[in-house]
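Below is one structure, written out as structure tokens; comments come after it.
Where a number appears in this text, it was derived from the coordinates with a stated rule and is not lab data. Not measured: the values here are computed from a predicted model. Neighbour counts are summed over all protein chains in view; Cβ atoms, including those assigned to glycine, are modelled from backbone coordinates with ideal geometry.
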Amino acid sequence: MQQLKHLFVPDWTRFVPGFLFCLVFAFLGMNLDHLIGQYHTVGIAWATFLYEEAQFNYVVILLLGGILVRNTIPLPKTLFPGISIARTIIKPGIIILGVHYVWADVVRVGGMGLALTAVFIFGTAIVVMWLCKKWGVSDGLGGIMGAGTGVCGVSAIIATSPVVRSSPIEMAYAIGTILLFGTLMLFTMPYIGTSINLSEPEFGGWAAIAILNTAQLVAAAEWYGTEARDTAVLINVARIMFLPLVVLFSVWFYVLRTGKQDPDHKINKWLLVKDKFPIFILGFFLLVFLNSLNIEAFGNPRIEGSPFWAMNASYTWLFAIGFSGIGLSISIEDMKKAGGKAFTIGMVAALVKMVLGLGVILLIGAQWLRVTGGN
Amino acid sequence: MTKHDASDKKQESELEHMAEEIFSSEKREDIWAIIIAMGILILSVAFPDQIYHFFRQALYLF
């Protein structure tokens, strides 16, 4: 019973208004997308332009609409807590996407993703931390920027901040920078991908290397196409497994290696890894496992009337709620906090990752990145 | 202990507290994500056609 109580925060009611607002916003956005799709089907020119040329689907409607509402209409402050948690509804959507994969995909694409993310995560973290040392940046800022630009953005910054002893202003700079570059990449990469004729699996792989935040990555890849999303989600699952290891690396780089550990405050490395492990991916792997067994009772997303076919219909709505949360929480005021050395470091890391990531993805090719789902 | 050290210690403990709070809330989010996904799985096993119809048709007004 005590365990169940921990599932609720004591003041959970403060999340309700904002969350309901996101539900309504997602509902309107999805219906607008559906309406444009129907007009496109019957051959109305403006709808076809929006649907085909401008790639104006539910992802863009919810993200741009959310940004527009957040930055032009003075929303009551009571909505903010609920809006901030709506993006986490992407997580059950990712779990449900597990029915799109079989173990062969996990081994091939996930294995490739694991190798790619290991190189890029640790490569970025090491280079950023080394650059920070060279440029005389404090350990506090260098540590969180290394972790933040290497893996998972804001989560990594928050996870690493206590171990490298960052100040609140350093955290504000780092979070502002990560949010700014994440948003820029989310809106520019799909257009860059289209302009250079990147295939969907290639785009999924590229986005998974370059975009740090899970929600922003899913949004960009879903915008590009379903194959791009399937590849990006699988590589992202491999990537977020690295979060505990990156925190551990930061502890070693800034505390253990330099002998700065407080003797009264010993760091328990196993506990650190266990605490930072993203357990929701276990749900994802459970569904991959069930799908791989090819159990008749569950069917698969292509077998009409089967449970996995029904389940597969739900994830778009879960993503829509999450994308509403992302759009409605992008505040231009927050991004203005990006500044100082954090901005320069973030920009160098983002650009290098984008260019090198694209080169590596083009070398690997689509066949190693395509999710088959057992076909 | 100087005033500066005391303020540093306070900031550190505040940051640690914030990180702990956020990570316990991330664990809570992860557990809720698993509960929601498994809830949808159970409903999909019990009522596949109704669940499909709800998400693909009933929620669209136009």
Hey, A:V42 surrounded by fewer than 24 Cβ atoms within 10 Å (Cβ to Cβ) and more than 14 Å from chain B (Cβ to nearest Cβ) or not:
no
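Identify, please: which residue in region A:284-312 is small (G, A, S) and over 24 Å from A:G110 (Cα atoms) and is, among those, nearest to the other protein chains (Cβ to nearest Cβ)?
Pass one, region A:284-312, residues small (G, A, S): A:292, A:297, A:299, A:305-306, A:310.
Subsequent filtering for residues that are over 24 Å from A:G110 (Cα atoms) retains A:297, A:305-306, A:310.
Details: A:A297: 8, A:G305: 6, A:S306: 6, A:A310: 4 Å.
By that ranking, first place goes to A:A310.
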Being loosely packed, with under 15 Cβ neighbours inside 10 Å and more than 7 Å from every other protein chain (Cβ to nearest Cβ) is the filter here, so list the residues in region B:33-62 that pass it.
B:I35, B:G39, B:I42, B:A46, B:F47, B:Q50, B:H53, B:Q57, B:A58
